[in-house]
Amino acid sequence: MPNVALQAVSRHFAELKAVDNIDLAVSDGEFVTLLGPSGCGKTTTLRMIAGLEQNDSGSIAIGGRLVSDAATGLFVPPEQRKLGMVFQSYAIWPHMTVFDNVAYPLSVRHVPKREIAQRVTAALRLVEMERYADRPAPALSGGQQQRVAIARALVFEPEVLLLDEPLSNLDARLRTVMGEEFRALQRRLGITTIYVTHDQEEAMALSDRVVVMQRGRIHQVGTPEQVYRRPASRDVAAFFGTPNLIEAIVTASRPISNGEAGNDEHVLAVQGTNWRGQCRAAAAFGEGDKVLVVIRPEDATLIADDAVLADGQLGWRGRIVDGVFRGPRRSLAVQTDVLRFRVECPAMREMPTGDTATIVVDSQNAWAIHA
Amino acid sequence: MGSAALERRSDAVTPDPLMGAGVRPAEARARWARLPYLGRPAGITLLLLLLAFLSLYPMVMLLYGSLHSTPPGIAGTFNLDGYAGLLTVQNLQILANTIGISLIKTVLSMALAILLAWIVARTDTPARGTLEVLITLPFFIPPILTATAWAMLGNAQVGTINLAWRWITGTDSTLVDVYSYGGVIWHMMQYSTPFIFLFVVDAFRAMDPALEESSRMSGATRWQTFWRVTFALMLPVTTSAFILSFIRGMEGFESAVFFGTPVNIKVITTQIYDLITQQAQPDYQGATSFGFAAMALMFLLLVLQSRLLRRRSFTTVTGKGYSPNVIRLGGLRWVTFAICIAFFAATVALPIGQLLLSSFFQFFGFYQLDMLTLDHYRAVWANDEFWTALGNTMLLGVTGATATMVLGGIVAYVTTRTLWFGRRLINLLAWLPWMMPGMVLGIGFLWGFATLPHAIPIYGTLWALLLAYVALGTPVAVRVTSGAYQQIARDLEECSRVHGAGWWQTLGRVLVALAWPAFAVGWVLVFFGIMRELSASILLYSPGTQVLSVVMLKMWTSNRAEDVSVIGLLMVVMVLLFRWIQLRLIKTRISTL
Amino acid sequence: MTPIGRKTFLTLAASYAVARPAAAQDDAEWQKVVDAAKKEGKLTLYTASIGSPYLKAVLQAFEKKYGIRIEAFEARASEVRERVRIEQAAGRFVGDIHHNGQTATWLMQRDGNFQPHGPIPNLKNLDPTYAVDDVRVPSEVNSYGLLINRNLVKPADEPKSWLDILDPKWKGRILSDDTRALGGGSVFFVVMHDTFGKEFHEKYAAQKPIFSRDLAGNERRTARGEFPLYVPFLLSDYNQIRGLPVKPIVPAEGRPYVLFQLSILKNAPHPNAARLFINFYLEPEQQLVFANGGFNPAVKGVVEKAPEDMRALLATKPMGTTVPERQDAMMALAKEIYQ
């Protein structure tokens, strides 16, 4: 049974459809991330789950209990949804101590004092903040405030934990650390979590599943690998990194099984400008269909100009026009007939600009989507 | 996917108290907590009804009075004579005069108040805690007393200031004459400066320093930052204070009647006073029409303010924690210190000193050793009416101020932090009483309460006074609290709701808890407003329920001004006590930051 | 005094004269009133005399003598009147006795706020100068004179006549109640107008008097030397400023005055107590309290018992008073003369 279920949920702000008819089911204990650029409706969706916004249509259920149904006018206020939430600003109440902040969800529910002390201490220990219990909240650093916010969200043992871009106010290093701690904690507690972010790396590193949203709609739901490697649309593909998108026409299509039931793939033979080869796709295509072939820069390798392509490989010839050294990697731009191809390769390799080379891609890593 | 999650969960059987404790308390409470929520329309209706009764009802009585040839209860006809009678050149002059006086005094007070508030809240000026108490003192002194004191200090003939001036300069020129426009404005400023100060000082304190720092980092000078960030962020508070003060200036009576009337300076209120009390047949139609004309004008101001502030965010208290920037002034801090002391000396030390001194002499302003006496203190002490009235006033003040702050806090919440249907109406209703001059509104309450069905036991009881006081105090309460609310980030509130606190709990534990310095200020303002209120009190009190302001009027009119000053001093002591406690509480909070 | 007032008074006085032989019967009748009043046990007084220690003394004496508790509502004249009016219009009959100046009572009489007081024994004590009718009973009299600052005005310069204040030497130096407003200023205006004609006021306006509304403060301002002369001075304020360098004067023409009157309010809940109270108020003993306080008593033979300096002020000629019927016209005239 899904722990959080959204059915045909919409939310309008005047003319703007902030959230447009979305369906989503989050399983018990699952970590799901709503990912998308700002204004895509991810935060609004989260706030509707929280009960901070009311959906104009559709229904929301948490833990099997209907909490909001636009059709019947049912709306359970946020405080009765048994949630924990971490806000982007942390929303640490400045007039309370760390202890009081964390104790709040318990004390407003009239949990006995002794139990509060126990549970708050436990929650603070969980985020390694027990030493700071008596500090006034404003005297904390950003990372500490973040931990307090998490402890507060967890202390009541919520049915669902909601996180609204919780890491966006932290510096890069702390963000990674906090993210990892966070994920470990979530796994340990097995708590259903919905996480909102615009940061794709964060989303992929933390989530069981990623929900890619754009302009109020869900574009794709899948594991991080699925949405990364097998994007459903150009938008989804473009949201993760800067993939190379190459126009082509389908010449043949046949299904193959990758061993998982209901997750069949298709192998397409495609023809592009001055190139041809095979790639994979989520669905069958007809002969003559226009597709875009998605190739991740890190999946491309450069070989000597005159090397011969092996079977199952795609290749383009071009000239290296730009190179940026990034420490572990080197980002190259290769001008081919069809496009300016982005290639990531190990930094150790010397690649002087001006050289010509052949870009080689394993056809398993070439993914076709509707043009 | 789902099965994997379940497996993981079964792995995670850690003996963690987090997982062990039950959720029963919430389950048990859920049903009860939902009741008020489902009752939102009912709650709004209730709020609307209450406000309509408190403010609309007396207004409707007055409107009837302005459109009817006779006051309620006497046969007459409906006509527009009251309004037609306003359209004279003299009345237009009076209107212009009133606006001019009020505008000048408000602008001057605003500038002074902002300077003082900045000094107290944001600089390292010595003794600023004490200064804060001292600066606000003049507001709490009954105007009749400071007027008397200033009449003694600043009259052109034998005023103390002029005598000193003549003695110093050796001429017989006159330095000041309080019986003038300047005198009227100066006397008003003594009240409006602390009033505005009280409004803005906490806004200065509750400012996330990052907002200012980022301006400095963007290349703005300290001065530019002050105007374009600090001041701009405080717009809801400052404009509210400005408008409240401006309106109060238009409704000000004591200053004009004391210092204006003798030199033929007329304002709306003195004109209304004349219409009601200074002719054989009180012209209630004319007076109420005048009141409504003034009200229409003030209403325009409110519209202007809401336009100005529309769709802008003034959040300065965020969930990230803050402590205000204190600017180190170096040697300049003694200059700022001197400014505060000068203000205190001019508005408090001079007039109050005069009162204090006078209270030990047989007569005001006659300092002869053989007239030294404690009789006035004895007279007040032995006056049983005074003690009854003090008891009543304290009861009304404490319950009234508390009730007003509760109502004001709710109204402010609904109008500033929700999108509920009807919130604009609620806001308007809460404003109404402020826009009607007190002496007209008092009549509205009298008419309204007296004509209620006899089964409703309000008229002639303390309830009548209490309800009138709540209505009169609500506008201030709403302004003070909504200014504070607007500075609190919405996250802090939403976070509370998500973590299990209901609407009331959130209001109390987060909003009020964060805005409580503003609540405390509002409470004190309302409390002392109640202590001073006369216009409605004298029409609504009954034998046995008389209040301090009525007793003071009795003393005043029976030529016992010295006894009044004893009570005035008592009120000053009370203010000091209140403010001291309040600031101590604030300080304990700030020192923990 | 108006012709009507005098006629009414004479009729009433006659009725008592005729009733003389049946005095014993009257006494018995009155005893019934007294008994009924005590049974009522309570009396509510609406008065425009605010904070008066003399009124308070009389009230306490009454409570002590009859054991009837008095609750007093004190407010300014127009406020008392409006309160009575709206209460009666709303069917709330709370007040028993109304005590106010003659202008307000005249208006209220016209509006039907009172009921006749019926026979009251002590009406026979009344000074015939002051009008009485079957509704309004004179209670005490506010009389006006002048006040001078003894330090600033030499004895030779003291005004002896009201006309002396028109002397150019006072120009710009007179503190005055506003002649355009109800109260002392208006009384002064009407009486001077009726005595000396309109020219008096034209000349007085040319003196550029300083009008002030702060009546209580004016005497002190005079005493402090802001002004040498204050016009008109309410004699009943004299006790409060004894000891200051001021001197009250009643000029040769006499004193303008205003009557305070007692009336029984319509549907008074305690009508017998109200009658008993009026009767008590007119006892010479109570009237002396007012005479000592600087009010002219409403009954005969009391002024003579007042202390020497008070007597000198009060035992003077009653010069005239306001006439409610002409009040509006006179105020309009005042506004015309004093721009």
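What's log10 of I(q)/I(0) for segment B:497-587 at q = 0.13 Å⁻¹, Debye sum over Cα points only, no solvent? Treating every Cα as an identical point scatterer, log10 I(q)/I(0) equals -0.64.
Assign unit charges at the C-beta atoms only (+1 for Lys and Arg, -1 for Asp and Glu), then state the dipole size of chain A relative to its Cα centre in Debye, rounded to the nearest 20.
Charge dipole of chain A: 780 debye, to the nearest 20.
For A:LYS82, give me every one of the lysines with a C-alpha distance below 25 angstrom, ignoring sequence neighbours fewer than eight places off in its own chain. List returned: A:LYS42, A:LYS113, B:LYS320.
Averaged over peptide B:62-74, the number of partner chain Cβ atoms lying within 10 Å of each residue's Cβ comes to 2. With the largest listed first and rounded to whole Å, the semi-axes of the equivalent ellipsoid of segment B:236-278 from the Cα gyration tensor are 25, 11, 6. Adding -39500 (n - 2.57) for every DSSP H run of four residues or longer, then dividing by how many residues chain B holds, sets the calculated 222 nm ellipticity at -22000 deg cm²/dmol.
Set the Förster radius R0 to 30 Å, insert the Cβ-Cβ distance between C:GLN25 and C:ALA57 as r into 1/(1 + (r/R0)^6), and round the FRET efficiency to 0.05.
Step by step, r from the Cβ atoms, then E = 0.35.
Cα-based values for segment A:135-238, radius of gyration first and Dmax second, are 15.0, 49 Å. Relative to the compact-globule estimate of 2.2 N^0.38 Å, the Cα radius of gyration of segment C:96-174 comes out at 1.72. Site pair B:TRP165 and A:MET351 shows an inter-label distance of 8.8 nm when each label is modelled 7 Å from Cα along Cα→Cβ.
Size of segment A:317-371: Rg and Dmax of its alpha carbons, in Å, are 12.2, 36. Comparing C:PRO307, C:ALA75, B:GLY170 along the charge dipole axis of the protein assembly as shown, the residue lying farthest to the positive side is C:PRO307, per the Cβ-charge model. Taking a span of 18 Å or more along the helix axis (Cα atoms) and a mean Kyte-Doolittle hydropathy of at least -0.5 as the rule, the DSSP H helices of chain A that qualify are A:113-126, A:142-155. If you bin the C-alpha pair distances of segment A:242-370 every 10 Å from 0, what whole percents do you get? Computed distribution, short to long bins: 13, 42, 29, 13, 2. Normalised by the number of residues in segment A:2-235, the average gap of Cα pairs under 8 Å and 6 or more apart makes the relative contact order 28 percent. Cross-link partners of A:LYS17 among aspartates and glutamates, defined as those whose alpha carbon lies under 12 angstrom from its own and excluding same-chain residues fewer than eight positions apart: A:ASP56. Summarising the strand pairing of segment A:2-235, around 60 percent of its internal DSSP beta bridges are antiparallel. The alpha carbons of segment C:50-126 occupy a box of 34, 28, 23 Å along the principal axes, longest dimension given first. Among B:PHE337, B:MET555, C:ALA298, flag the residue with its Cα farthest along the positive direction of the charge dipole of the protein assembly as shown, charges on Cβ as +1 for Lys/Arg and -1 for Asp/Glu. Positive-end residue among those listed: C:ALA298. With contacts taken as Cα pairs under 8 Å and at least 6 residues apart, chain B reaches a relative contact order of 20 percent.
Between the listed residues A:LEU292, B:GLY183, A:SER107, the Cα displaced farthest toward the positive end of the dipole of the protein assembly as shown, a dipole computed from Cβ unit charges relative to the Cα centre, is found at B:GLY183. The alpha-carbon of B:LYS554 sits under 19 angstrom from the alpha-carbons of these lysines, leaving out residues fewer than 8 places away in its chain: C:LYS56. In terms of packing, defined here as the mean over residues of other Cβ atoms within 10 angstrom, the peptides B:87-98, B:448-459, B:143-154 line up highest first as B:143-154, B:448-459, B:87-98.
Peptide A:134-143 is shielded by partner chain Cβ atoms: per residue, an average of 3 of them sit within 10 Å of its Cβ. Here chain C carries DSSP beta bridges of which approximately 55% are antiparallel, counting only pairs with both residues inside.
Pairwise Cα separations in the protein assembly as shown fall into 20 Å bins from 0 onward with the following percentages, short to long: 9, 30, 26, 17, 11, 5, 1, 0.
The slack between B:VAL303 and B:LEU92, meaning 0.36 nm per residue of separation minus the straight C-alpha distance, is 73.7 nm. In a simple Cβ point-charge model (Lys, Arg +1; Asp, Glu -1; nothing else charged), segment A:242-370 has a dipole of about 320 debye relative to its Cα centre.
Oblate is the label for segment B:229-306. Its Cα gyration tensor axes, ordered a ≥ b ≥ c, give a/c of at least 1.5 and b/c at or above a/b. Each distinct pair of alpha carbons in chain A adds a 1/r term; the inverse of their mean, the Kirkwood radius, is 23.0 Å. A cut-off under 15 angstrom between Cβ atoms defines the neighbours of A:ILE218, and their net charge, with Lys, Arg +1 and Asp, Glu -1, is +3. For chain C, the relative contact order comes to 27 percent (Cα pairs under 8 Å, sequence separation of at least 6). You can think of it this way: the chain between A:ASP322 and A:THR273 has 15.4 nm of extra reach, that is 0.36 nm per residue less the Cα-Cα gap.
When a/c reaches 1.5 or more, the comparison of a/b and b/c decides; with that in mind, is chain C rounded, prolate or oblate per its Cα gyration tensor? Cα axes put chain C in the prolate bin. What is the average number of partner chain Cβ atoms found within 10 Å of a Cβ in C:215-222? Per-residue shielding by partner chains comes out at 5. Computed over neighbours whose Cβ is under 15 Å from that of C:ILE210, the net charge equals +2, Lys and Arg +1, Asp and Glu -1. Counting only alpha carbon atoms, the long axis of helix B:235-251 and the longest principal axis of chain B meet at about 30°. When each of the peptides B:437-444, B:111-118 is scored by how many other beta carbons lie within 10 Å of its residues on average, the order from highest to lowest is B:437-444, B:111-118. For A:GLY315, the shell of other residues with beta-carbons less than 14 Å away shows a net charge of -4, using +1 for Lys and Arg and -1 for Asp and Glu.
Indicate the gyration tensor shape class of segment B:345-450 (rounded, prolate or oblate), computed on the Cα atoms with a ≥ b ≥ c the square roots of the eigenvalues: a/c under 1.5 is rounded; otherwise a/b larger than b/c is prolate and the rest oblate. Because a/c hits 1.5 or more and a/b exceeds b/c, segment B:345-450 counts as prolate. A protection proxy built from the mean count of other Cβ atoms within 10 Å ranks the segments A:156-162, C:150-156, B:47-53, most packed first, as A:156-162, B:47-53, C:150-156. Here, P(r) means the percent of Cα pairs in each 10 Å bin from 0 to the largest distance; for chain B it is 3, 15, 25, 25, 17, 9, 3, 2, 1, 0, 0.
As a calculated quantity, the FRET efficiency between C:THR195 and B:LEU428 at R0 = 45 Å, using C-beta atoms, amounts to about 0.20.
So if we plug the beta-carbon distance of B:GLN281 and B:ALA84 into 1/(1 + (r/R0)^6) with R0 = 22 Å, what FRET efficiency do we get, rounded to 0.05?
0.75
Readers should treat all values here as calculations from the given coordinates under stated rules, not as data from a laboratory. All figures in this text were calculated on a predicted structure; none of them were measured in a lab. FYI the Cβ positions are ideal-geometry reconstructions off the backbone, even for glycines, and counts take in every protein chain you see.
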